[in-house]
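We did not get these values from a lab; they are worked out from the coordinates using the rules stated. Source: prediction; values computed, not measured. Counting neighbours? That spans all protein chains shown, and the Cβs are built from the backbone with ideal geometry, glycine included.
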Amino acid sequence: MGMEMAFAGQTPPLVDDRSANGIFRVSRHAFVEQSVFESEQREIFNKCWLYLGHDSEVAAPGDFLTRSVVGRKIIFTRNKAGKVGAFFNTCPHRGALVCREKQGSANLFRCFYHSWAFDLDGKLINRPGHESYADDANANGEHNLVPVPRLESYRGLYFLNFDRNACDLASYLGNSMEFIDLVMDQSADGMEVIGGTQEYGFKANWKLLAENSADGYHGQPTHATYFDYVMSTNGNLGDNVVKISKPHDLGQGHAVVEYGAPWGRPIAKAVPAWGEEGEREAAALRADLTQRLGAERADRIAYTNRNMVIFPNFVINDIMAITLRTFEPVGPGQMRVNAWALGPKGEAPKARERRLYNFLEFLGPGGFATPDDCEALALCQEGYSNMAEAGWNDISKGLNQERPTIEDEVQMRAFWREWSRRIEGERA
Amino acid sequence: MSAQLKIAERLSVSRTEIEDFLFEEAALLDDWKLTEWLALFEPGASYHVPPAGSPDDADPAATLFYVMDDYHRLSERVKRLLKRTAHVEYPHSRCRHMISNVRILGGDDRAFTVTSNFATYRSKRGRTELYFGHHNYVMTRADGSIRIRQKTSFLDSDDIAEQGKVSIII
């Protein structure tokens, strides 16, 4: 059935979901139009829970860091009583950024312009010429730093929401919490963000990275050189690759793929290149997991890889290392990416080093894989310059499968249905 | 006598000799002669690129870097970059490595530390990216020729959102 017949003269939707007929397409306008970018700011980024940072990044009272979240400048901090807070980094007086460091430890934040000073709860505590203001000038707190409307956390992951009326974080995360737990349970002492942020970018629409982050179909063709590396490094790929390949639509736009893979996993799956010492350490970690969580859950954690996209723009990939990643549009054709490595608190130095070495064999702007994703996505974006004549992305793979695998596109369709619901509204 | 000259005299290596070596390294990278470039490293050497803006004492064993190559992975990186399936660099980007402000910082007659500033331009499909910062080297001399034992490239930009990736040897 042709486009024109299907929509009988009406403007076709951006997401053309006719799954029952084996059709699922996305208009390339969704990646290019300024008006779509603006709708996304309004309907998605101003309403969804967005990842801000991890508990361990502001571990001690007074710790702070500054971070951009969809263009807003945020101060993420822990006060003297140990409570985590987040404020807009702008002085209530003239608007200057109050805090200019990326991170550090502070007793107060002072705007240098007129020297207004704020405590770690954002409260104005001092300003020169205080006597020239009315006694009740700050009675309603309008001279304090503005806190983010909502800030909630789950297992150390802090999210903010610019919509005061949003549902609570737990309801929003929904089924994704089961998979967050599989990461956070990896250490009895909890997990921490390892120092060092990878701040890079793609010359492509942000939604292409939401798709790419859990795309099993592109693995072999795009990352052939990475698999060459794994083979060349390990001689063989071992026999402990679990035969699982399962995509999950988690609802609310969240999705995850679970699968076995040949690479080593710092949590208890060694590869030949790690030698006997590496295998011994992996066995000890598996024993610890089994004792704490039982054999079934321990095996699932140790051997199964997970790529999860939490709508709209937060990724937790538990693969050859664990990465947390956010990506946000700075325009229809450009995004900024922040990526971190997550590891067990108190990890032995040798194991920590192996984890980071393993991370970088694939992940990040200097890895053996991510730069090729960077190129693939940029090529997609460049290809959309032809959208007047070649206007649709096909996302139908696996619609005819009773048991789809991670090489199908269940996870992308989960994302796009939620995107469409928020941008295009419910359709009959 | 300048501090640089004193060090050079003690080490029996001159800044000119080091500059010749670094200019040759830059030319090999400009020309995509990566196998020849790898031969400038001694076996067991390492190559690191920390996140943009990192201090000189950043440690890849404790902090997430962009690149943390031991000699094996560096050899594999070279193999990868010369394949057609290294998509990001196929066809090869055009690059120009500018090296300046070369200083010998110290050492003895077996190993010495060197620093230089760099500006590397990468151009592909109508876009040009600039990487700038400084390289730190530990170099050795074996059979009369200089070899690299350790190289770390520090980027001065706040992040690499504009450049996007570190897909070349900067």
With viscosity set to 1.567 mPa s and temperature to 4 °C, compute the Stokes-Einstein D of chain A, Rh being the Kirkwood radius across alpha carbon pairs; µm²/s, no decimals. 55 µm²/s
Which ³J(HN,Hα) values, rounded to whole Hz and listed in residue order, are derived for segment B:25-35 from phi using the Karplus coefficients 6.51, -1.76 and 1.60 in 6.51 cos²θ - 1.76 cosθ + 1.60 with θ = phi - 60°, glycine and proline given as x? 4, 4, 5, 4, 5, 4, 8, 6, 8, 6, 5
Any residue on another chain or 5+ positions along whose placed amide H is under 5 Å from the amide H of residue A:195 is listed here as B:64
Which whole-number percent gives the relative contact order of segment B:16-146, counting Cα pairs below 8 Å spaced six or more residues apart? 19 percent
Taking every residue of A:349-355, the Cβ atoms of other protein chains inside 10 Å of its Cβ average out to 2
Residue by residue, what Karplus-based ³J(HN,Hα) values in Hz, rounded to whole numbers, does segment A:404-419 have, using 6.51, -1.76 and 1.60 with θ = phi - 60° and x for Gly and Pro? x, 10, 6, 8, 8, 10, 4, 5, 5, 5, 4, 4, 5, 5, 5, 4
I'd like the isolated cysteines in the protein assembly as shown, meaning no second cysteine's beta-carbon lies under 4.7 angstrom from theirs. A:48, A:99, A:167, A:374, A:380, B:95
Run the dipole for the protein assembly as shown about the Cα centre, Lys and Arg Cβ at +1, Asp and Glu Cβ at -1, nothing else charged, and hand back the magnitude in debye, nearest 20. 300 debye
Amide H to amide H, which residues 5 or more places from residue A:16 or on other chains are under 5 Å from it, using H placed in the peptide plane? A:25, A:26, A:27
Tell me what chain B gives for mean residue ellipticity at 222 nm when only DSSP H runs of n ≥ 4 count, each as -39,500 (n - 2.57), the sum divided by the residue total, rounded to 500 deg cm²/dmol. -7000 deg cm²/dmol
Listed here are the pairs A:47/A:80; A:123/A:345; A:73/B:165; A:243/B:79; A:203/B:124; which of them are more than 21 Å apart at the Cα? A:47/A:80; A:123/A:345; A:73/B:165; A:243/B:79
Unit charges at the beta carbon, dipole of segment B:60-161: most positive-side option, B:140, B:63, B:75: B:75
Just how far, in whole angstrom, is segment A:378-424 from segment A:303-368 if you go by their alpha carbon centroids? 23 Å
At a 10 Å Cβ-Cβ cut-off, how would you order B:98, A:387, fewest neighbours first? B:98, A:387
Using the number of other C-beta atoms within 10 angstrom as an exposure proxy, rank A:142, B:36 with the fewest first. A:142, B:36
Per-residue mean of C-beta atoms belonging to partner chains within 10 Å, peptide A:333-343: 2
Normalised contact order of chain A, rounded percent, pairs of Cα under 8 Å and 6 or more residues apart: 20 percent
Through the Karplus equation 6.51 cos²θ - 1.76 cosθ + 1.60, θ set to phi - 60°, convert the phi angles of segment B:126-140 into ³J(HN,Hα) values in whole Hz; use x for Gly and Pro. x, 10, 10, 10, 10, 10, 9, x, 9, 9, 10, 10, 10, 10, 10
Over segment A:50-161, what is the mean sequence separation of C-alpha contacts under 8 Å (at least six apart), divided by residue count, expressed as relative contact order in percent? 26 percent
Hey, can you grab everything whose amide H is under 5 Å from the amide H of residue A:392? Only 5+ residues off in sequence or another chain; H modelled, so Pro and N-termini drop out. A:28
Which of A:176, A:105 has the fewest other C-beta atoms within 10 Å, and how do the rest follow up to the most? A:105, A:176
Counting only DSSP beta bridges with both partners in the protein assembly as shown, the antiparallel fraction in percent, to the nearest 5, comes to 95 percent
Mean-square fluctuation check for chain B, GNM, Cα pairs under 10 Å: which of B:101, B:136, B:117 is largest? B:101
